[in-house]
Amino acid sequence: MTVVESPAVRLTVDGRAITAAPGQLLIAACEQAGVYIPHFCYHPRMRSVGMCRMCLVEVDTGRGPALQPSCMLPVSEGMVVETASDAAARAQDGVLEFLLLNHPLDCPVCDKGGECPLQDQTMAYGPGESRFTEEKRHFAKPIPISDLILLDRERCILCDRCTRFADEVAGEPLIGFQDRGSHTQVNTFPEAPFDSYFSGNTVQICPVGALTARPYRFKARPWDISETISTYPNAMGDRVSVHASRNQILRLQGVDSEAVNHGWLSDRDRFSFEAVHSPNRLREPMLRDESSGEMQAVSWSSALSLAAAAIREAVDAHGASSVAILGGAGLCAEDQYAWVKLVKGIVGTDNVDARMGDGLWADLLCALPRASVADACHPGGAVLLISGDLREEFGTLYLRLRHALLNDDVALVELTPLETSLSSLASVSLRARPGDTALLTEAMLSPQRGESVAGVPTKALAAVASMLKRRPLTVLLGRTSLAESPAAVERAAILLARKFPQARFLPLLRRGGTVGALDVGMAPGLLPGRVTLASASDWYRSAWGAAPEARGLGTEEVLQAAAAGKIKTLVLLGADPVVDFPYSRLASEGLSAVSTLISVDLFNTASVRRADIVLPAAGFGEREGTHVNVEGRATAVTAQVTPPGVARRDWQIAAELARLLGGDLGISSPRDAWEELARLSPLHSGASWEALRTDLDGVLLQAPPPADGEPLRPEALRLADLEPPEAAVVPFDGYSFRLVADRTVYDGGTVVGNCPSLAAKARPGRLRLNVADYERLGVGGDGAVVVTSSAGSLVATAKPDDRVPPAVAALAQNTAGGDPRLLLSPGDAVCEVRIEAASLT
Amino acid sequence: MARLSEANVRLALEIIGRYPRPRSALIPVLHIAQAQDGYVSSDAMRHVAELVGTTPSEVLSTCSFYEMFKRSRPGAYQLNICRGISCFLRGADDLIERATERLGIPLGGTAPHCPVSLEAVECVAACTEAPCAQVNYRYFGPLGASELDELIDGLEAGRLAELPPHGVLSTVLQSPSPDRLAGPSMPEDSGPPAWWERRQERETGKEAG
Amino acid sequence: MARFERRKPTPAEGLEDLIVTSRRHSPDGHTLEGYLRSGGYEAIRLALGRSPADVIAEVKAASLLGRGGAGFPAGVKWGFCPPGVWPRYLVVNGDESEPGTYKDRLLMETDPHQLLEGCLIAAYAVGASQCFLYVRGEMALAQERLATALNEAYAAGFVGRDICGSDFCLDIVLHPGAGAYIVGEETALIESLEGKRGMPRLKPPYFPAAIGLYGLPTIVNNVETLSNLPFIVTHGAEAFAARGAPPSAGTRVFAVSGHVRNPGVFEVPFGVTTFREIIYDDRYAGGMMGEAPLKAFIPGGASAPWFFPEHLDLPLDKAKVDAAGSMLGSGAIVVMDETTDIPRACHNLVRFFARESCGKCTPCREGTTWLEQVLERILAGRGSRSDLDMLADICENISPGLRWPPRMTTICPLGPSAVSPISSALERFRSEFEARIPVRKTLAVKAAALR
Ligand SMILES: Cc1cc2nc3c(=O)[nH]c(=O)nc-3n(C[C@H](O)[C@H](O)[C@H](O)COP(=O)(O)O)c2cc1C
Ligand code: SF4
Ligand code: FES
């Protein structure tokens, strides 16, 4: 039988002929055709349950009209639908009256008042006044169901949205219906709160004011709020709607972008707006007083001219390579471009790196065929996961992939050192010991003899190999751990790409715009458009007037050079190497050794505290531009509020410095910057400023094939030009443990730390050990252990954890539970540690 | 108050093993918890969640849907007087009133000095013996005033010792010997049963022959 | 002590006419020995000698209408399993909770092996590889009898692997419920069997035969339906049909309760015996309990619209009762005499549905409770005249058109079932409700209007 593309279904809605996709739900088909059907329980991203009965319409499929819930009914050919007939209207009126019986009429003090579907639909469809004279149902008024969320059961209309979200979408059925009939309530198990990284979504999808989030409660009335669509600057580039009033951001809501986040947000991001208005924000430029060492506020003009002078002096005395710029991952693409143009085109140094030493080989990421999230979730595909736990690091990607694994026949193969939150849904989980990723990849790609390779059974490897042959492959490529050289992962990627030329790669670098930064050349040896300095310097030299002569230094090399006295002026663009760079000692030494340290930042971070010149920048919600996510998708970022104090936008700072250095960026707005970028970089050329502002899904950046007669553009990096790096294989000795330095959502990071609601959730990290290992070590009741590596040692609290395989020890980075970086030394392929129970003396 | 005893865990695991999905055994396993303690405690729900592989919240969600599961300890005897339509027509309301007076407790209550908890329940499928009642899910009826008094006297005096304690339903458990079991039929086994296939083959063979 | 005795057989219950209750009064009818002595487990041997398709054809020919309530032909339902989708499950609905209904418990307690044999036959016919026997939680004795019977049958090779020495295998799992009427609805039963709250699924698409337990084809049949199968296989479709008036073929078991002299459970030819006979005949319920004549009766369980004296001569026939605007439902006849306080009876029934609503659909969850509250207020003498119209109007919003079978704004018929007693009672006995409404209130309103 040949597969025939199924034709559109034709049906009649309110007398009008419409078409719909086969299998589409009637309610969605109507909405698409501009006919709105009132509903409460239906949510396009969740399974229909047909509970509220609000969406009843009259449907005739040839056997006479009958009331049917349009949220449960797929369209069928010839269906005749009346959405507003007497019978349908009466049913809808009736349902509304029933819903309002027990619903408190406290709209004036309800957070949802003014934006409440129940209120709106009562106005539009409702009976007007209540005939209900009995006593309403009573429950204790709002009860906390977690640190962040409160539940008012009297307002709840039992639509099953929050509970379905928890179960179906987040996979954490911690809230549910309890009791029965008219006593039904939503609640948690006693003393088992709804602790989910995604709990805020339930507040967003609650159609009434039953669920409220502490960070927003009673802050504003909906009618005071202005609302703009923007992009949250995380790795996924989640689309958000920013709600602000009186120059304050009050709330973020997920926007349903088909390509990106499907409306969801992680709590970490949703509630991070608190940081925007934190009292700890930097408000004015500051300068270190030579004699006292104290910071003093100064004017922008003196701060900037001192900064420009420091740069100029370094260049004059020691050459452009004595200047370096680290960071920039958190900026908009326009800001990044402005800085790249300043540094590479005007200052003339190539010592630029947006990665903090925790990324991957920039050239490789630019050269690998890029996957989209949709590729990873494509029905029938296979996903190879080489990274940390998505749930901890890439919240909405985790939700999307989870959905695809459960519903769309996507097969997951994990190549991770620890069990992850997706392991239970994986087809195969290969537990790769730190350092063995490349080894296992090679073993997977060619038939193996023997029982096992690096502790992994050959059978499992063979199963993976055969699956990858049958299914289109997407590789999610990130760092599994800081305590492991990236070479193993990079080598694995090239081997995979060579074996499977159709495979696509989604680079998972955690810091928001890192991948987008690489796209505009924010790394040594690169220029805007995923092109190398070698191939494109002429092109940019003719556009900018200058370009670096030679490939510069990456973050680790910059810090080494700085420690050796070779970097005189170092600019940190929202970067905090003291906390983020894997080798803390090197970071400290480097920052101390430079003559002038300039920090452009939002907060007084550990690195900012060492700066000589501090320039306050505008952050999320305060700047306009474009965000580029890990897929290379560009989406609009909009400004709702003004920056605190006299803080400025990053591109402005760059433009001003350029002027003081005797140059001209030629950029007087983000739009200028984007348009210049789109003109020069073929990769960016397909995305017009307007298109970015109208398309919810933004534009996936792709270089179009060169048109005839066009000037020859620089060619993008090709995989064929790259050689797989050697990945040292460290023999496993069986005596020591291998360290995994991973990530957790609520860590000691700046954003979490400056959001009161989130900071409370940060917990000290524990040294997680396999249960058997834990028991064998004879750890005392307080769990205290001493962990020692060749680089140093630390005291931590150990805890048994089944998700950790034997002979591996895991400790999250950047928490109060101990800094795993103390154990790392540059250049080591893996970090082997000894663990001893600390004596209680 | 308690998790399941070792013997009950064994029993629970045996029951869970009969189903294609562990969660399907939730209600039978909650009955084991109720038989053990006379009610379903929070600890038991946590334990049951572990056994069937779900969250305590989901266990509570299911548990609280069903009338029979008590979440606080009732008396040794759960006296349920039927108030379904057939019993109602034959005087159930009077019977209920008499029981509340005799026991000195409201419906849903447990008498402080006596081992009885009283409830009025919907039809218990003994309509032809109306009005009737159940004590620990054993039937009594038809009950006139004097029979009710006699029943309550008996309960108070502990004269109905042959009644199993609250929570114990069947005193006989299904316990097939393992070598007789066909085993659960897993949703993943996407083919028909072996015997079915053989028979289909035989049928088609017959037709052809 | 009042632990009740079952009534001795009446002459009418001549054993030769009985199909499913023939062992009811035999002291050891529930044991394997007793069952084997009276021809037990012969039917499954016969069935195994025939092809599954043959067995389905026989059951279809017998016109065995489902005895759980809806009365759908069992053989036809079995044919709805989508071809090529496996495994298939068989689920026995032994949740009997409809007020007035008492027959499945009797069959499970007194003839458990007959039910097990019925399960074997049905599973063989449809190709089911596992059977779940869902028994109402409150029926401890039925569970005990079935557990014992299963243990005996497993040991004797009638259930489990290699049944009767053939290659046919079937595990039957005894599954107690825990008290929820709605779980009798087949899709709710399946949810419950998956360890969830017993909330019905919407049909379509969730017709169990296509998408049932674990999303797989599942045949749900009532205890009485299945208990008929051994007879049909042994004696053939014709002998079965001959007992009734096809398509109401065979016999049906009715429980007659309420204001009758001899409340009882009677197996009678289906479609032949009339209501008058079963209520008044001495062989059955023996007439009214006291002096008062019959006022109304419920012909098929609490959900069914009521019948009145003029309906007495209708035969107990599915089509005729349906045509008269009610249903035989679960085989429960509840008789009310002239002394019956209709508003209270009505309240009793509505309260049942309000209490048993699963809470999924807004109209049922909120509407039935509201109906109960309004009736309660009327009974307490705090009603107003407009309440009666409002009751009817609330009913309309749950079940538009107030007809039987109901149109529904809900997922399952439970919500609309609460409407039956109200519309029956209001239509016939409106004055009894009006009599409960204090006059003063109306006057006071009028007085206020005059001022
Ligand atoms: C609210 C409701 C309650 C029901 N309760 C029962 C019941 O207790 N026992 C039963 O066999 N069927 C009950 N049914 C009918 C079942 O849904 C189903 O039709 C029946 O089990 C099918 O078996 P049958 O075809 O053998 O009759 C109920 C239906 C509804 C809507
Ligand atoms: S009608 Fe009532 S019982 Fe049936 S599904 Fe809806 S709420 Fe549940
Ligand atoms: S939206 Fe269809 S029933 Fe709720």
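Here, each number is a calculation from the coordinates, and none is a lab measurement. Because the structure is predicted, anything quoted here is derived from the model rather than measured. When we count neighbours, we look across all protein chains shown, and the Cβ atoms used for this are built from the backbone with ideal geometry, even at glycine.
Here the dipole of segment A:9-98 is about 320 debye; that uses its Cα centre as origin and unit charges on the Cβ of Lys and Arg (positive) and Asp and Glu (negative).
Where Rh is the Kirkwood radius over the Cα pairs of segment A:599-697, the temperature 25 °C and the viscosity 0.890 mPa s, what D in µm²/s does Stokes-Einstein return? Don't jump to the answer; show the numbers that get you there.
Values: Rh = 15.1 Å.
After rounding, the answer is 162 µm²/s.
Phi angles of segment A:754-763 translate, via the Karplus equation with coefficients 6.51, -1.76, 1.60 and θ = phi - 60°, into HN-Hα couplings of 9, 10, x, 5, 8, 4, 5, 8, 5, 10 Hz per residue; Gly and Pro are given as x.
Using a 10 Å Cβ count of at most 12 others and DSSP loop calls, identify the longest part of chain A lacking such chymotrypsin sites (Phe, Trp or Tyr not before Pro). Mind showing how you got there, number by number?
Details: sites that count: A:36, A:218, A:735.
The longest such stretch corresponds to A:219-734.
The alpha carbon centroids of segment A:210-287 and segment A:26-50 are separated by 27 Å.
Of the GluC sites (Glu not before Pro) found in segment A:276-368, those that fall in a DSSP loop while having at most 10 other beta-carbon atoms within 10 Å are A:290, A:294. Across the options A:730, A:806, A:271, the greatest Cα extent toward the positive end of the charge dipole of the protein assembly as shown (unit charges at beta carbon of Lys, Arg, Asp, Glu) belongs to A:271. Between amide H atoms placed 1.01 Å from N, distances below 5 Å from residue A:812 occur with A:742, A:766, all of them 5 or more places distant or on a separate chain.
About the Cα centre of chain C, how large is the charge dipole given +1 on each Lys and Arg Cβ and -1 on each Asp and Glu Cβ? Please answer in debye to the nearest 20. Walk me through the numbers on the way to the answer.
On the way: 47 positive and 51 negative charges, 285 e Å.
Here the size comes out at about 1360 debye.
Spin-label pair residue A:803-residue A:407: with each label point 7 Å from Cα along the Cα-Cβ axis, the two points sit 2.4 nm from one another. Over chain B, with a Gaussian network built from C-alpha contacts below 10 Å, which listed residue (B:86, B:61, B:72) shows the highest mean-square fluctuation? In this elastic network of chain B, the residue with the biggest mean-square fluctuation among B:86, B:61, B:72 is B:61.
Of the residues B:36, B:69, B:126, the one whose Cα sits farthest toward the positive end of the charge dipole of segment B:7-128, with +1 on the Cβ of Lys and Arg and -1 on the Cβ of Asp and Glu, is B:36. Every helix of 4 or more DSSP H residues in the protein assembly as shown counts as -39500 (n - 2.57), and over all residues that averages to -9500 deg cm²/dmol at 222 nm. P(r) tail, segment C:243-337: Cα-Cα pairs separated by more than 16 Å, 47% of all pairs. Backbone geometry of segment A:311-327 corresponds, through the Karplus equation with coefficients 6.51, -1.76 and 1.60 at θ = phi - 60°, to 3J(HN,Hα) couplings of 5, 4, 4, 4, 4, 5, 7, 10, x, 4, 6, 8, 10, 9, 10, 10, x Hz, x marking Gly and Pro.
Rounded, prolate or oblate: which one fits segment A:364-508, using the alpha carbon gyration tensor with axes a ≥ b ≥ c (rounded when a/c is under 1.5, else prolate when a/b beats b/c, else oblate)? Rounded. When the P(r) of the protein assembly as shown is calculated, the portion above 43 Å amounts to 55% of the C-alpha pairs.
So what is log10(I(q)/I(0)) for segment C:303-451 at q = 0.16, 0.17, 0.19, 0.21 1/Å, when the Debye sum runs over its Cα atoms only? Taking Cα atoms of segment C:303-451 as identical point scatterers yields -0.88, -0.97, -1.16, -1.33. DSSP beta bridges fully contained in chain A are about 60 percent antiparallel. With the biggest extent put first, the Cα atoms of segment A:138-277 measure 43, 31, 24 Å across the principal axes. Annotation: aspartates and glutamates with alpha-carbon distance below 12 angstrom to residue C:196 (same-chain offsets under eight excluded): B:58. Free of any GluC sites (Glu not before Pro) that DSSP assigns to a loop and that have at most 14 other C-beta atoms within 10 Å, the longest stretch within chain B is B:1-161.
Beyond 24 Å between alpha-carbons counts as too far, so tell me which of C:103/C:318; A:136/C:203; C:203/C:360; C:77/C:320; A:112/A:761; A:459/A:799 fall in that bin.
Values: C:103/C:318 18 Å; A:136/C:203 32 Å; C:203/C:360 14 Å; C:77/C:320 22 Å; A:112/A:761 26 Å; A:459/A:799 32 Å.
Result: A:136/C:203; A:112/A:761; A:459/A:799 exceed 24 Å.
In order along segment A:281-291, the phi-based Karplus estimate (6.51 cos²θ - 1.76 cosθ + 1.60, θ = phi - 60°) of 3J(HN,Hα) comes to 4, 6, 10, 8, x, 9, 9, 7, 6, 3, 7 Hz; Gly and Pro are listed as x.
Do any trypsin sites (Lys or Arg not before Pro) in segment A:1-97 lie in a DSSP loop with no more than 14 other beta carbon atoms within 10 Å, and if so, which? The qualifying sites are A:47, A:63.
Give me the distance between the Cα centres of segment A:366-443 and segment A:682-755, rounded to whole Å. After rounding, the separation between the Cα centres reads 16 Å.
With +1 on the Cβ of every Lys and Arg and -1 on the Cβ of every Asp and Glu, and nothing else charged, how large is the dipole of the protein assembly as shown about its Cα centre, in debye rounded to the nearest 20?
Values: 147 positive and 178 negative charges, 122 e Å.
Charge dipole, the protein assembly as shown, about its Cα centre: 580 debye, nearest 20.
The distance separating the Cα centre of segment C:146-209 from that of segment A:490-542 comes to 59 Å.
For chain A, the ratio of Cα radius of gyration to the globular rule of thumb 2.2 N^0.38 Å stands at 1.00. Computed over segment A:9-98, the convex hull of the alpha-carbon atoms projects to a mean area of 5.3 nm². For residue A:344, a cut-off of 20 angstrom between C-alpha atoms picks up these lysines, skipping any fewer than 8 places away in its own chain: A:566, A:568.
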